[in-house]
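Only one structure is covered here, and it is reproduced in the block below.
The values are calculated or read from the model by the stated rules, or taken from the named source; none is laboratory data. Keep in mind that what you see is a predicted model, and the values were worked out from it rather than measured. Ideal geometry is used to build each Cβ from the backbone, glycine not excepted, and the neighbour counts take in all protein chains shown.
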Amino acid sequence: NLLNGANFDWLSFVEHQESTNDIAYVSLLFDAHELVPMDLRAYLPIFGSLIGNVDTKEYTYQELAVESELCCGGMGFNTIVANWLGGKERADEMHLNLFGDNDSNYYRQGVMLNVHCLEKNLDRTLDLVTSTVCGSLFGNNIHHLEALLGTTANSAINSVSSDALSYGRKWGLAPFGEEHALQELLSGLTQVELTLKIAELATQDRLKELVPTLQALAKTIFRPENMRVCVVAGGNRTYIQNSFEGFASRFADMVGEKTNDPLPSLPFNPAGDLFERKFDTTYIPIDIPVHSCHLALETGVTYDHPDSAAMTVLSQMLSSLFLHREIREKGGAYGASAGHLQSGILQMSSYYDPNTLETLKAYGNGVDWLCRGEFSSRDVDEAIISVFGSVDAPKSPSSKGTSEFLHGLLPEDRQRYRDRFFELNRDILVEAANKRLSKYNNLGDEAWIDFNGESNNGSVCVIGSRESCPDKNKLGNWTVKKTL
């Protein structure tokens, strides 16, 4: 039972009552999109990784770690970009700020804190949260700050080879709009490059240049009027609401008056022309012997579109019946998959793939295969059953309420989406495939590789072996991204 209505003036509070074995799961989201200028937005993940790991006004970082483990088992901060699927009207009712570059794709951006604790420790945990977000002192121990940033940089550079699949996907999706460009900026290769540059400041003894901006970000973002809270708990509702009323009062007192001082600038602006990128074909050479190949095609079918269920089933069949056979069994890749994103994009990916052009041609042939309807009614039924495995998957108590809180999806929205699958048959799927994908027919021809941003809305990204980097004279408009 989702309960709305406990609004403490500026505090939007959503409570989800579940049996949680006396554990309370708390999520605090601080909107950051309008408050942080574009040249500083890329620094939010670094900022989030430091919160909770540096000294505060009340605790050293060692004392904070001990107190956190004692009362709540730790706090997790991360930067999010969440697509909003509940519609503009619902967001207005909840007094939320939405952003996007068209009328169908909206998103929220912010810094999110997740913490869980025994319900009897809720007051103590919320006091610790207040102390952490309102009292962090980034410059109190420069040597510790240097160590934290060095660890973050090492993890980032090591993740490129181990998680090339994810990085390639994000780079390939970046031209499809603000939401995807932000995902690349905040968690893609652009973020890795920024993290390495920031770590270099420590070697040049310039780390103190970063501190004023980090302190200003904390003052700007961690404001009571900027906060939304989601609580999943199964205990006494009155006790929980009283705890948050006390938290609201202490939080407001500690942050003080709002100021309109501009945020200090920093030497690097990693966003560059990322938000102006056209649809293209990119090769990213890194130090691995294999490849991860990605193709993304715009379909225009978002979550609430009547064809959304059809596109989900089509992508499932494309993955299991065609790409698995052509790319894994014949091509020797470790795996290949297809999926339809809620923002209206069909995406295909391979990983640990010895091939490049052969895989990209297989993607194009897969689109033709869907449009020709080379699958049976039994294939459709099996794909729907497979999709229901994720649609109806049980959720842990900690994830309950996330759909409503971050994405604006109510139970009736999810049920309406689920019901669409029961209306599907082979003829409907073939019609949907031709309606949404026929403009990409014949992508299996070599000429299709040139996405230049002027015709079909598609993007290709291959990340992999330096030795396989394509010859631009032979392959036309490939862009070779500068390596890390």
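Quick notes on this structure:
- The condition of being touching a residue at least 40 places away in the same chain (Cβ under 8 Å) and assigned to a loop (DSSP other than H, G, I, E, B) does not hold for Ser350.
- Selection status of Tyr334, surrounded by fewer than 16 Cβ atoms within 10 Å (Cβ to Cβ) and either in the same structural domain as Gly168 (by TED's automatic domain parsing) or hydroxyl-bearing (Ser, Thr, Tyr) (or both): yes
- Residue check, Arg250 more than 30 Å from Arg436 (Cβ to Cβ), in contact (Cβ under 8 Å) with a residue 24 or more places away in the chain and surrounded by fewer than 21 Cβ atoms within 10 Å (Cβ to Cβ): yes
- Odd one out for Leu70 among (1) modelled with pLDDT of 90 or more; (2) of a type outside the set (Phe, Trp, Tyr); (3) over 26 Å from Ile142 (Cα atoms); (4) buried (at least 19 other Cβ atoms within 10 Å of the Cβ): (4)
- Residue count for the stretch 54-73 under the criterion of being in contact with a strand residue (DSSP E or B) (Cβ under 9 Å, 6 or more places away or on another chain) and in a loop (DSSP other than H, G, I, E, B): the result is 5.
- Entirely in the stretch 164-275, the helices (runs of 4 or more DSSP H) that have 1 or more residues that are modelled with pLDDT of 85 or more and in contact with a Pro (Cβ under 6 Å, 6 or more places away or on another chain): 178-187, 189-203, 211-221, 237-255
- When the test is whether a residue is assigned to a helix (DSSP H, G or I), hydroxyl-bearing (Ser, Thr, Tyr) and at pLDDT 90 or above, Ser438 passes it.
- Filter result for Val313 (crowded, with 19+ Cβ neighbours inside 10 Å and either in the same structural domain as Asn457 (by TED's automatic domain parsing) or at pLDDT below 95 (or both)): yes
- Taken as a whole, the stretch 99-119 holds no residue that is over 22 Å from the mean Cα position of the chain (by Cα) and part of a loop (DSSP other than H, G, I, E, B).
- Residue in the stretch 210-225 that is buried (at least 19 other Cβ atoms within 10 Å of the Cβ) and of a type in the set (Val, Ile, Thr) present: yes
- Matching residues in the stretch 94-127 - criterion: being farther than 20 Å from Ser399 by Cβ, at pLDDT 90 or above and hydrophobic (A, V, I, L, M, F, W, C): Leu126
- Criterion (under 23 Å from Pro397 (Cβ atoms), of a type in the set (Gly, Ala, Ser) and crowded, with 17+ Cβ neighbours inside 10 Å) met by exactly one of Ala82, Ala153: Ala82
- Of the set (1) more than 16 Å from Leu443 (Cβ to Cβ); (2) under 28 Å from the mean Cα position of the chain (by Cα), all apply to Gly364 but (1).
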